[in-house]
Amino acid sequence: MRRFALLFLLVVPLFCGCGPKAITEGSLPFSSGKGGFADASGRVLSNLPDSDEPFRLVFLDFTWCPACQSAWNSVHDAVEAAPPGSVRIYRILFDKEALITASGNTETAPLRPAPPPWPEFQGDTENIKITTLTALPETFLNEFRVSKTPMLLLINREGVVKKRWDGYSTNLKNDLLTELSKTAPPH
(Lines give C-alpha, C1' and ligand atoms only; values in the text may rest on other atoms or scores of the structure.)
Protein backbone atom coordinates (compact mmCIF):
# COMPACT_ATOMS: atom_id res chain seq x y z
CA MET A 1 0.00 0.00 0.00
CA ARG A 2 2.83 2.34 0.88
CA ARG A 3 4.54 1.72 -2.48
CA PHE A 4 1.28 2.43 -4.30
CA ALA A 5 0.90 5.76 -2.47
CA LEU A 6 4.49 6.73 -3.33
CA LEU A 7 4.02 5.74 -6.96
CA PHE A 8 0.75 7.73 -7.07
CA LEU A 9 2.50 10.84 -5.70
CA LEU A 10 5.23 10.54 -8.33
CA VAL A 11 2.99 9.85 -11.35
CA VAL A 12 0.04 12.22 -10.82
CA PRO A 13 2.05 15.46 -11.14
CA LEU A 14 3.34 14.27 -14.51
CA PHE A 15 -0.17 14.13 -15.92
CA CYS A 16 -1.54 17.22 -14.20
CA GLY A 17 0.99 19.69 -15.56
CA CYS A 18 1.21 18.48 -19.16
CA GLY A 19 -0.62 19.85 -22.16
CA PRO A 20 -3.14 22.65 -22.58
CA LYS A 21 -5.64 23.23 -19.80
CA ALA A 22 -9.39 23.37 -20.26
CA ILE A 23 -11.15 26.66 -19.65
CA THR A 24 -13.73 25.65 -17.07
CA GLU A 25 -16.43 27.40 -15.08
CA GLY A 26 -14.86 28.97 -12.02
CA SER A 27 -11.42 29.26 -13.63
CA LEU A 28 -9.43 32.45 -14.25
CA PRO A 29 -8.07 31.80 -17.76
CA PHE A 30 -6.84 35.29 -18.63
CA SER A 31 -4.17 36.54 -17.95
CA SER A 32 -2.41 33.40 -18.94
CA GLY A 33 1.04 34.88 -18.39
CA LYS A 34 1.79 34.30 -22.06
CA GLY A 35 0.94 36.56 -24.98
CA GLY A 36 -2.04 34.74 -26.43
CA PHE A 37 -3.73 37.60 -28.28
CA ALA A 38 -2.90 40.43 -30.66
CA ASP A 39 -4.99 43.59 -30.95
CA ALA A 40 -5.74 45.44 -34.20
CA SER A 41 -2.36 47.22 -34.05
CA GLY A 42 -0.50 43.89 -33.71
CA ARG A 43 0.42 44.47 -30.05
CA VAL A 44 0.66 41.14 -28.19
CA LEU A 45 -1.53 40.88 -25.07
CA SER A 46 -1.69 38.25 -22.35
CA ASN A 47 -5.09 39.41 -21.11
CA LEU A 48 -8.34 40.72 -22.51
CA PRO A 49 -8.35 44.53 -22.72
CA ASP A 50 -10.19 46.27 -19.88
CA SER A 51 -13.80 47.26 -20.29
CA ASP A 52 -16.32 49.29 -18.34
CA GLU A 53 -18.95 46.58 -18.59
CA PRO A 54 -19.25 44.22 -15.61
CA PHE A 55 -19.38 41.12 -17.82
CA ARG A 56 -17.41 39.90 -20.82
CA LEU A 57 -18.73 37.43 -23.37
CA VAL A 58 -15.75 35.81 -25.08
CA PHE A 59 -16.55 34.22 -28.45
CA LEU A 60 -13.83 31.96 -29.90
CA ASP A 61 -14.58 32.36 -33.60
CA PHE A 62 -13.11 30.26 -36.39
CA THR A 63 -13.59 31.18 -40.07
CA TRP A 64 -14.22 27.54 -40.99
CA CYS A 65 -16.84 27.01 -38.27
CA PRO A 66 -20.26 26.38 -39.84
CA ALA A 67 -22.14 26.84 -36.54
CA CYS A 68 -20.48 30.15 -35.67
CA GLN A 69 -22.92 32.28 -37.69
CA SER A 70 -25.91 30.72 -35.94
CA ALA A 71 -24.21 31.33 -32.60
CA TRP A 72 -23.54 34.97 -33.56
CA ASN A 73 -27.25 35.45 -34.31
CA SER A 74 -28.12 34.10 -30.85
CA VAL A 75 -25.49 36.34 -29.22
CA HIS A 76 -26.84 39.38 -31.07
CA ASP A 77 -30.42 38.74 -29.96
CA ALA A 78 -29.47 37.99 -26.36
CA VAL A 79 -27.18 40.99 -25.92
CA GLU A 80 -29.74 43.30 -27.55
CA ALA A 81 -32.27 42.16 -24.94
CA ALA A 82 -29.82 42.48 -22.01
CA PRO A 83 -29.61 45.65 -19.91
CA PRO A 84 -27.50 48.31 -21.70
CA GLY A 85 -23.91 48.44 -20.51
CA SER A 86 -23.97 45.01 -18.89
CA VAL A 87 -21.74 43.03 -21.28
CA ARG A 88 -18.89 43.51 -23.75
CA ILE A 89 -18.25 40.93 -26.44
CA TYR A 90 -14.69 39.84 -27.16
CA ARG A 91 -14.41 38.23 -30.58
CA ILE A 92 -11.31 36.05 -30.67
CA LEU A 93 -10.32 35.19 -34.25
CA PHE A 94 -7.69 32.63 -35.12
CA ASP A 95 -5.07 33.58 -37.71
CA LYS A 96 -4.22 29.99 -38.70
CA GLU A 97 -6.24 26.93 -39.56
CA ALA A 98 -5.36 23.34 -40.31
CA LEU A 99 -5.17 22.47 -43.99
CA ILE A 100 -5.61 18.74 -44.46
CA THR A 101 -4.33 17.41 -47.77
CA ALA A 102 -3.19 14.08 -49.20
CA SER A 103 0.41 15.08 -48.48
CA GLY A 104 -0.29 15.82 -44.81
CA ASN A 105 -1.56 18.47 -42.44
CA THR A 106 -0.17 22.00 -42.40
CA GLU A 107 -1.13 25.30 -40.84
CA THR A 108 -2.16 28.05 -43.21
CA ALA A 109 -3.70 31.48 -43.08
CA PRO A 110 -7.51 31.25 -43.10
CA LEU A 111 -8.74 30.26 -46.54
CA ARG A 112 -11.40 32.97 -46.41
CA PRO A 113 -11.71 36.17 -44.39
CA ALA A 114 -13.72 36.15 -41.20
CA PRO A 115 -17.28 37.22 -41.94
CA PRO A 116 -18.83 39.96 -39.84
CA PRO A 117 -20.64 38.73 -36.72
CA TRP A 118 -23.97 39.34 -38.48
CA PRO A 119 -24.71 40.65 -41.98
CA GLU A 120 -25.76 44.17 -40.97
CA PHE A 121 -22.84 44.66 -38.56
CA GLN A 122 -21.51 48.22 -38.78
CA GLY A 123 -19.54 48.37 -35.52
CA ASP A 124 -20.56 49.05 -31.93
CA THR A 125 -24.11 50.10 -31.11
CA GLU A 126 -25.55 51.41 -27.85
CA ASN A 127 -25.98 47.92 -26.43
CA ILE A 128 -23.55 45.80 -28.45
CA LYS A 129 -19.85 46.52 -27.88
CA ILE A 130 -17.34 44.26 -29.61
CA THR A 131 -13.58 44.11 -29.17
CA THR A 132 -11.91 41.94 -31.81
CA LEU A 133 -8.61 40.24 -31.04
CA THR A 134 -6.56 37.65 -32.89
CA ALA A 135 -5.54 34.52 -31.01
CA LEU A 136 -1.95 33.57 -31.60
CA PRO A 137 -2.27 29.81 -32.02
CA GLU A 138 1.32 28.99 -31.15
CA THR A 139 0.61 30.28 -27.64
CA PHE A 140 -3.19 30.26 -27.25
CA LEU A 141 -3.84 26.70 -28.40
CA ASN A 142 -0.76 25.44 -26.56
CA GLU A 143 -2.09 27.13 -23.40
CA PHE A 144 -5.82 26.33 -23.69
CA ARG A 145 -7.71 23.31 -24.93
CA VAL A 146 -10.53 24.09 -27.39
CA SER A 147 -12.61 20.98 -27.96
CA LYS A 148 -15.65 22.29 -29.84
CA THR A 149 -16.47 25.38 -31.82
CA PRO A 150 -17.83 27.87 -31.30
CA MET A 151 -16.85 28.31 -27.67
CA LEU A 152 -18.41 31.10 -25.60
CA LEU A 153 -17.35 32.16 -22.13
CA LEU A 154 -19.22 34.53 -19.80
CA ILE A 155 -16.59 36.13 -17.57
CA ASN A 156 -17.20 38.52 -14.68
CA ARG A 157 -15.17 41.64 -13.84
CA GLU A 158 -12.80 39.60 -11.66
CA GLY A 159 -11.98 37.36 -14.64
CA VAL A 160 -13.83 34.27 -13.38
CA VAL A 161 -15.64 32.14 -15.97
CA LYS A 162 -19.28 32.13 -14.85
CA LYS A 163 -20.58 30.01 -17.74
CA ARG A 164 -19.16 28.16 -20.74
CA TRP A 165 -20.93 27.02 -23.90
CA ASP A 166 -19.34 24.58 -26.38
CA GLY A 167 -20.82 24.25 -29.84
CA TYR A 168 -24.13 25.70 -30.97
CA SER A 169 -27.56 24.94 -29.58
CA THR A 170 -30.93 26.33 -30.63
CA ASN A 171 -31.35 27.27 -26.95
CA LEU A 172 -28.20 29.45 -26.91
CA LYS A 173 -30.11 32.76 -27.01
CA ASN A 174 -32.31 31.76 -24.06
CA ASP A 175 -29.33 30.33 -22.14
CA LEU A 176 -27.42 33.59 -22.64
CA LEU A 177 -30.43 35.69 -21.57
CA THR A 178 -30.88 33.54 -18.46
CA GLU A 179 -27.24 33.93 -17.46
CA LEU A 180 -27.16 37.66 -18.22
CA SER A 181 -30.33 38.21 -16.17
CA LYS A 182 -28.85 36.25 -13.24
CA THR A 183 -25.68 38.27 -13.32
CA ALA A 184 -26.99 41.65 -14.51
CA PRO A 185 -25.68 44.60 -12.52
CA PRO A 186 -28.20 46.54 -10.43
CA HIS A 187 -29.61 49.68 -12.05
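The values are calculated or read from the model by the stated rules, or taken from the named source; none is laboratory data. Computed from a prediction, not measured in an experiment: that's the story for all the values here. Heads up, the Cβs are rebuilt from the backbone with ideal geometry, glycines too, and the neighbour counts pull from every protein chain shown. Areas reflect the complete protein model, heavy atoms only, side chains present, ligands, DNA and RNA absent. Shrake-Rupley method; radii C 1.70, N 1.55, O 1.52, S 1.80 Å.
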Using the basic label-point model (7 angstrom from Cα toward the beta carbon), what is the K148 to S103 distance in nanometres? 3.6 nm
Efficiency by 1/(1 + (r/R0)^6): what FRET value for K182 and E138, r their Cβ-Cβ distance, R0 = 30 Å, to the nearest 0.05? 0.25
Subset of K148/K182; K34/K173; K129/K182; K34/K129 violating a 22 Å alpha-carbon distance limit: K148/K182; K34/K173; K34/K129
How much accessible surface does K162 have with a 1.4 Å probe, in Å² rounded to 10? 90 Å²
So for the pair D50, E158, with labels modelled 7 Å out along Cα→Cβ, what separation do we get in nm? 1.9 nm
On a full-extension model of 0.36 nm per residue, what is the gain between A40 and T125, subtracting their alpha-carbon distance, rounded to one decimal in nm? 28.7 nm
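Quick one: length gained pulling N174 to A67 fully straight, 0.36 nm per residue minus the C-alpha distance?
Extra length from N174 to A67 when fully extended: 36.8 nm.
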